[in-house]
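Any read-out appearing in this document is the output of simple, stated calculations on the displayed coordinates, not a laboratory observation. Note that the coordinates shown come from a computational prediction; the quantities given were computed from them, not determined experimentally. All Cβ positions, even for glycine, are placed from backbone atoms using ideal geometry, and neighbour counts span all protein chains on display.
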Amino acid sequence: MLRKIGLIFDMDGVIYRGNEPVEGARELINFLKEEGVHFIFLTNNSTRDPAMYREKLLSMGIDIPEDLIVTSGLATRLYMERHMEPGRVFVIGGEGLHREMERLDWGVVTVEECREGSWRDVKHVVVGLDPALTYEKLKYATLAIRNGASFIGTNPDTTYPAEEGLYPGAGSIIAALRASTDVEPLIIGKPNEPAYEVARNKLDGVDEIWMVGDRLDTDILFARRFGMKAVMVLTGVSTLRDVEERGIEPDLVLPSAKELLEYLKTLMEEAQ
């Protein structure tokens, strides 16, 4: 039975927090590999591309192929390739998002070029989490969007979990630009359909998909929208109190990846 299940794992707050793996995560992934259970990683964090995330996971002892890692930056590139007219792009985001936009080969406009007036040539403004955010980047993104450029957000997460606590996320930057432009962005990542399309294609052939995440407003809502089993772990953003207050209910709530491993082992034993 379990061999027909596909699992989608969020990463920040589920597999690790910052650069520290969550207890049981490595053992869980090794178990799934050994048992032949299909799974992918789907993160709304676009600061890295799949190759960069593979290296990060390897540093934690988690070895998976690059093609099992989907980022909101990758999903954004794929969506733009399929649905948008080519044109120069201005990017607010980390290295991973810049790499994905460069792979479009439509031309990425730099801040330096914008200072010379090239913001007028921007056709698409793409916004993700940017650890090096500046007022100048927000200024040129605002000018370009008000000049008619499309406004695309990689993901709506207002925060993300790290070692010290919750940091501002891509959604916080998107909110600033929404306020300065009066334009609603197209959001690609969870809980929206463009991210689901990419994930579903990666899990072709499975009968049932489980979404394992830590956020009610992205991961669990994502599962609810697209008919997946919603598994929430408590090592990231959302809490049991949030479940009571928000009205978005997971099918299963577990303390961490460690308990999910035990749960899956029990299911397999019962299925034999």
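Side notes on the structure shown:
- Residues Ser150, Ser180, Ser238, Ser72 in ascending order of nearby Cβ atoms (within 10 Å, fewest first): Ser180, Ser150, Ser238, Ser72.
- Each of Tyr135, Tyr167, Tyr196 was scored by other Cβ atoms within 10 Å of its Cβ. Listed from fewest to most, they are Tyr135, Tyr167, Tyr196.
- Residue order, fewest to most surrounding Cβ atoms within 10 angstrom, among Thr47, Thr134, Thr239, Thr159: Thr134, Thr239, Thr159, Thr47
- As computed over the chain, the Cα convex hull volume per residue (Å³): 123
- Extension reserve of the Ala132-Asn147 stretch, reckoned as 0.36 nm per residue once the Cα distance is removed: 3.0 nm
- C-alpha center-to-center spacing [region 122-139, region 229-272] in angstrom: 35
- Here the Debye sum runs over all C-alpha atoms of region 1-137 as equal scatterers in vacuum, and log10 of I(q)/I(0) at q = 0.11, 0.17, 0.21 Å⁻¹ comes out as -0.48, -0.92, -1.20.
- Region 4-85: C-alpha pair distances exceeding 16 Å, %: 52
- Two-site FRET efficiency, Asp105 against Glu27, from Cβ-Cβ distance with R₀ of 35 Å, rounded to 0.05: 0.30
- Considering only region 86-187, percent of DSSP beta bridges that pair antiparallel, nearest 5: 25
- Protection proxy ranking of 80-90, 220-230, by the mean of other Cβ atoms within 10 Å over each peptide's residues and highest first, is 220-230, 80-90.
- Relative contact order (percent, whole number), region 86-187, Cα cutoff 8 Å, 6+ residue spacing: 26
- Spin-label model distance (nm) - Glu35 vs Leu252, 7 Å beyond Cα toward Cβ: 0.9
- Take every pair of alpha-carbon atoms less than 8 Å apart whose residues are at least six positions apart; their mean separation over the length of region 13-81 yields a relative contact order of 32 percent.
- At R0 = 51 Å, FRET efficiency that the Cβ-Cβ distance of Asp121 and Ala162 yields, to 0.05: 0.90
- Among beta bridges that DSSP assigns inside the chain, antiparallel share in %, nearest 5: 15
- For region 110-213, taking Cα atoms only, Rg and Dmax work out to 16.3, 54 Å respectively.
- Legend: distances between Cα atoms for Lys56/Lys139; Lys229/Lys265; Lys190/Lys258; pairs beyond 26 Å are Lys56/Lys139.
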